[in-house]
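Q: Can you read through this structure? Questions will come right after.
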Amino acid sequence: MTKKRSDDDPTPEEAVSSADASAGETAEAVAETEVSTDEAAKSVAGKIEAAEDPSTDDEYDESIEAAVEAIAFHPVFEVIEESEPASKVATAGKGKTSKEKVSAGAALRKFFLSRGFSRGLGVVGESLITLGVVVMLFLGWQLWVNDVIIFNESTAVAEENVAKWTTTKTPETTSSEAAPPDYGPAPVMSKVENAGVFGNIYIPRFGNDYIKVAAEGVGPEDVLNRGYFGRYPNSQLPGESGNVALAVHRAGHGSPFRQAAKLQLGDVIVLQTPDGYYEYRVRNTEYVMPTEVEVVNAVPGGSNAAVAGQSILTITTCNPELGNNERMIIYAVMVGWQPADAGPPLEIASMVEA
């Protein structure tokens, strides 16, 4: 069945003719545009040619301005100005931002106020506190706990020596006007091996219970750190003419000589050995530098040749009490001797237990 055409619909011939007319109009518009473009180009070219002619300065300036305006207002450049530079587009695509310049002071403030710095400072603070606690515990151990342990151990050794070397004989009581008994020349003590115990030291000035051990050598671990008095190997032996030199800790390791500063001129120091009792009296005290080792010579501070009939006891210790900057030297002169079977001297009779 054929559909009837409306009266308003164009016939095929009319449609073709209309299309041809539209195409003609488009062609004419394009031609006019080309003509106008050619004319504008010719106008610009004419102005540029006129600018090249140096005959008139005014025409030259006008041509330059016209060329600049023609270029500046060309539609192509408008499109370029509206678009962002490729560098900015690339940067924006990567999400990066430009870096701002920051002063050194601001950078330091930012660093010190940062959370990371605060945490690091907290760790360092806790470490220092822990280290301080460890140091305090060590000092507490050395000055108190270890001191008590070594003191008790050395006292036990001294009491064993007393039990072995002391007789039950009571010392004879004499008046102050009577001369002390003469037991003849003091025997020279036999030398013992290194770190071997050979005697006890009594100092009444330090208390009725002050008894310390004397041993051979001045080794730290095997003698001095055990709270003993140690004999310098090159010094003289008890009973010999010359200098019996002993070293001892003042504080720490039992603190055997902590009360050294209490000694006074004429105070008694007694050295007990298996042979008997060698009695000395304090003559003077001296402070020297650690390098002045001549104090242990046969003549303290002088010749290494002993003077016949002169026997001296020298005790060296550290000064100050908890330091090691100097040496405190105690000098005592031998004033008597008595054998073990005669009993202890009256000055220490109450200190000796049979």
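Q: Quick one: which residues, 5+ away or cross-chain, put their amide H under 5 Å from the amide H of Val335? H built at 1.01 Å from N.
A: Here Glu279, Tyr280, Arg281 satisfy the definition.
Q: If you don't mind, there's one more thing I want to ask. Kirkwood hydrodynamic radius for the range 217-266: how many Å is it when counted over pairs of different Cα atoms?
A: 11.9 Å
Q: Mind checking the full-extension length gain between Glu221 and Arg205? Use 0.36 nm per residue of separation minus the Cα-Cα distance, one decimal, nm.
A: 3.0 nm
Q: Could you work out Rg/(2.2 N^0.38 Å) for the range 213-321, with Rg from alpha carbons only?
A: 1.03
Q: Which percent of Cα-Cα pairs in the range 158-351 sits in each 10 Å bin, short to long?
A: For the range 158-351, the binned pair fractions read 9, 38, 39, 13, 2 percent.
Q: Filter the GluC sites (Glu not before Pro) in the range 272-331 down to the DSSP loop ones having no more than 10 other Cβ atoms within 10 Å, then list what survives.
A: Nothing satisfies the criteria.
Q: To the nearest 0.05, what FRET efficiency results for Phe138 and Asp182 with a Förster distance of 51 Å applied to their C-beta separation?
A: After rounding, the FRET efficiency stands at 0.45.
Q: Between Ala247, Val268, Gly184, whose Cα lies farthest towards the positive end of the dipole of the range 158-351 when Lys and Arg beta carbons carry +1 and Asp and Glu beta carbons carry -1, centred on the Cα centre?
A: Ala247
Q: Quick one: order Trp165, Trp144 by neighbouring beta-carbon count within 10 Å, fewest to most.
A: If I rank by nearby Cβ atoms, fewest first, I get Trp144, Trp165.
Q: What is the set of long-range amide H partners of Gly242 at a cut-off below 5 Å, with H atoms built 1.01 Å from backbone N?
A: Those qualifying (amide H under 5 Å, at least 5 residues apart or on another chain) are Val307, Gln310, Ser311, Ile312.
Q: If you don't mind, there's one more thing I want to ask. I need the per residue convex hull volume for the range 259-299, using only the alpha carbons, in cubic angstrom as a whole number.
A: Residue-normalised Cα hull volume stands at 119 Å³.
Q: Taking the mean number of other Cβ atoms within 10 Å as a proxy for protection, how do you rank 304-317, 151-164, 122-135 from highest to lowest?
A: 304-317, 151-164, 122-135
Q: Still on this structure, please answer the following. With each label point set 7 Å from Cα along the Cα-Cβ vector, what nm distance links Lys191 and Lys164?
A: 2.0 nm
Read the figures in this text as sums done on the coordinates, not as results from a lab. Just so you know, these numbers come straight off a predicted model, no measurement behind them. Don't worry about glycine lacking a Cβ; one is built from the backbone with ideal geometry, like all the others, and counts go over all protein chains shown.
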